[in-house]
Amino acid sequence: MKLLSKLFGRRAKDEAIRRELIKKLDGRAIKYVVERLPKSGGASDDSVEEIVIGRSGALIVKDGVLIVFADGKVLFRAATDELQASELMSLEGVILTAPDIEHGGKLRTVVAYYTYFMK
């Protein structure tokens, strides 16, 4: 029974949605990237501050790795199997949380805001 729930249950559906989002991100141009960090000062609430870490770049998915590239350098690199990704409610960007291969496996959360082109 566990096998059936693994193949057809909620978890399988969530995994399929996550993989589809990651596939959709490949090649997206980004306007800027921010990193979410806990606010300094020892506040007891869950408030965070966002610091711009790059501008003008792209999201690239290659060989099971998602790369956030901006300002001519790799800002974030994570294995897609470990990546948590969700789009902003406005659909203007994506929140990415995962151990960052580029920075020694440190768990980081970055938000990449998309660039929109007139068609």
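Quick note: the coordinates plus some simple rules give every number you see, no bench work behind them. Treat the numbers as computed from the prediction; the structure is a model and nothing was measured. No Cβ is skipped: glycine too gets one built from the backbone with ideal geometry, and neighbour counts run over all protein chains shown.
Structure notes:
- When the Cα positions of Phe76, Leu66, Ala29 are compared along the charge dipole of the stretch 2-114, Leu66 comes out farthest toward the positive end, with charges on each C-beta of Lys, Arg, Asp and Glu.
- Two-site label geometry, Gln84 and Val48: point separation in nm, points 7 Å out along Cα→Cβ: 0.9 nm
- For the stretch 7-116: rounded, prolate or oblate by the Cα gyration tensor [a/c cutoff 1.5]: oblate
- Difference of contour (0.36 nm per residue) and Cα-Cα distance, Asp71 to Lys24: 14.7 nm
- Burial ordering of Ile53, Ile30, Ile17, fewest other beta-carbon atoms within 10 Å first: Ile17, Ile53, Ile30
- When Val34, Val52 are arranged by Cβ crowding within 10 Å, least crowded first, meaning fewest neighbours, the order is Val52, Val34.
- Residue order, fewest to most surrounding Cβ atoms within 10 angstrom, among Tyr32, Tyr116: Tyr116, Tyr32
- Between Asp71 and Arg55, the built amide H atoms are under 5 Å apart, and every one of these is 5 or more places off in sequence or on another chain.
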